[in-house]
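Participant: I'd like to ask some things about the structure below.
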Amino acid sequence: MSAATAAVESATVALNSALTGTADWWNAFKQLQDAQYALAQANLEHAHQVRLTKIDQTDPVAIAQEELRQARAKLYYDQRHGTGDLAADRATVDAANARAQAAVFDQRLHDAQVAHDLGTLSDAAYLKFLESQRDRLQAIKNKTRQQIEELQQIDQAIKAEADQMQGQWNIGDIRIPTPYEARRYIQATGQGQSYQSTSITNTDNRRFDFTGLDKSEIIALLTSLLGSDVTTRTATTPRK
């Protein structure tokens, strides 16, 4: 920045020494404008570097957002002073904005997946997060390539979660019926109709999520599937 300051001082001296309106004066005036612009850019860059030293260098979101801030600062300066290449400035801002959005998306998805894997984020909350991200991306009319790839990532994550949850409905070779099938069984047995079932011995500790059945219906269903001698422990949580 000292070199840029020296250039401004030198151009100022040359301008003051030249006769107004002469070729030398106009040349000195142009040199002063260029030197002042270079100094302004040096000041912007210095402020940018100072801010970077205060940022966690392992945080891609913070770094990307600072790069976006710097790109916008240059664009705003050039717009106010009628200097620089505004088209190039806008392209730089657009690129920095895309990188910042990608960094935010990647970090949020990563944090949600880790929390889900560790058990601090429930299946329902994780799926709700994924669906909200999918809705947000699907609502964008003219998607960029980056947004298309993000939507594909979300769809893959939703499919993986759905496949995992589907696997929780299996006990050995037994398929747990759907809530509709369970109600049909309860209605049939309640009316004295026959219902064929198989007694199964299961010593595994497994967790099952039932949606659409109350506690008595769940116990009746599991008793039919696993036998009357089965030991059960149930817990219920209200639907969100």
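The values are calculated or read from the model by the stated rules, or taken from the named source; none is laboratory data. Values in this document were obtained by computation on a predicted structure and should not be read as measured data. Counting neighbours? That spans all protein chains shown, and the Cβs are built from the backbone with ideal geometry, glycine included.
Participant: Name the single residue, out of those in the stretch 77-92 being at pLDDT 95 or above and out of contact with any helix residue (DSSP H, G or I) (no Cβ under 8 Å at 6 or more places or on another chain), that is nearest to GLU67 (Cα to Cα).
Facilitator: Here the answer is ALA91.
Participant: Considering the stretch 10-26 alone, what residues qualify as being within 20 Å of ALA38 (Cβ to Cβ) and among the polar types (S, T, N, Q)?
Facilitator: Across the stretch 10-26, the qualifying residues are SER10, THR12, ASN16.
Participant: If you don't mind, there's one more thing I want to ask. Could you tell me whether any residue of the stretch 99-121 is under 30 Å from ALA160 (Cα atoms), surrounded by 14 or more Cβ atoms within 10 Å (Cβ to Cβ) and either of a type in the set (Asp, Glu) or in contact with a Ser or Thr (Cβ under 6 Å, 6 or more places away or on another chain) (or both)?
Facilitator: yes
Participant: Assuming GLN107 fulfils every condition listed in (1) touching a helix residue (DSSP H, G or I) at 6+ places or on another chain (Cβ under 7 Å); (2) not in a helix (DSSP H, G or I) apart from one, which condition is it?
Facilitator: Answer for GLN107: the failing condition is (2).
Participant: Report whether or not GLN152 is surrounded by 13 or more Cβ atoms within 10 Å (Cβ to Cβ), part of a helix (DSSP H, G or I) and at pLDDT 95 or above.
Facilitator: No, not satisfied.
Participant: Let me ask something additional. Would you confirm whether any residue within the stretch 71-79 is crowded, with 16+ Cβ neighbours inside 10 Å, without any contact (Cβ under 8 Å) to a residue 12 or more places away in the chain and part of a helix (DSSP H, G or I)?
Facilitator: Yes, some residue in the stretch 71-79 is crowded, with 16+ Cβ neighbours inside 10 Å, without any contact (Cβ under 8 Å) to a residue 12 or more places away in the chain and part of a helix (DSSP H, G or I).
Participant: Moving to a separate point now. Would you point out which residue out of GLU45, GLU66, GLU131 is farther than 28 Å from ILE154 by Cα and in contact with a helix residue (DSSP H, G or I) (Cβ under 9 Å, 6 or more places away or on another chain)? Write out each step before concluding.
Facilitator: Working: GLU66 fails: farther than 28 Å from ILE154 by Cα; GLU131 fails: farther than 28 Å from ILE154 by Cα.
Just one listed residue meets the conditions, GLU45.
Participant: Six or more apart or on different chains, Cβ atoms under 9 Å: show the pairs whose first residue is in the stretch 29-45 and closer than 14 Å to THR83 by Cβ and touching a residue at least 12 places away in the same chain (Cβ under 8 Å) and whose second is assigned to a helix (DSSP H, G or I) and of a type in the set (Lys, Arg).
Facilitator: GLN41/LYS74; LEU44/LYS74
Participant: What number of residues within the stretch 122-146 satisfy the criterion of being surrounded by 15 or more Cβ atoms within 10 Å (Cβ to Cβ) and either within 11 Å of the chain's Cα centre (by Cα) or not in a helix (DSSP H, G or I) (or both)?
Facilitator: Matching residues across the stretch 122-146 total 5.
Yes or no, residue by residue, for (1) in contact with a Ser or Thr (Cβ under 6 Å, 6 or more places away or on another chain); (2) over 30 Å from ALA103 (Cα atoms); (3) not small (Gly, Ala, Ser):
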residue: ALA23; (1), (2), (3): no, yes, no
residue: ASN27; (1), (2), (3): no, yes, yes
residue: GLN33; (1), (2), (3): no, yes, yes
residue: GLN36; (1), (2), (3): no, yes, yes
residue: GLN49; (1), (2), (3): no, no, yes
residue: THR53; (1), (2), (3): no, no, yes
residue: LEU68; (1), (2), (3): no, no, yes
residue: TYR77; (1), (2), (3): no, no, yes
residue: HIS81; (1), (2), (3): no, yes, yes
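Participant: Also: Are there any pairs, at least 6 apart or on different chains, whose C-beta atoms fall under 7 Å, with the first in the stretch 95-108 and outside the structural domain of PRO60 (by TED's automatic domain parsing) and under 12 Å from LEU68 (Cα atoms) and the second of a type in the set (Asp, Glu) and in a helix (DSSP H, G or I), and if so, which?
Facilitator: Note: no pairs meet the criteria.
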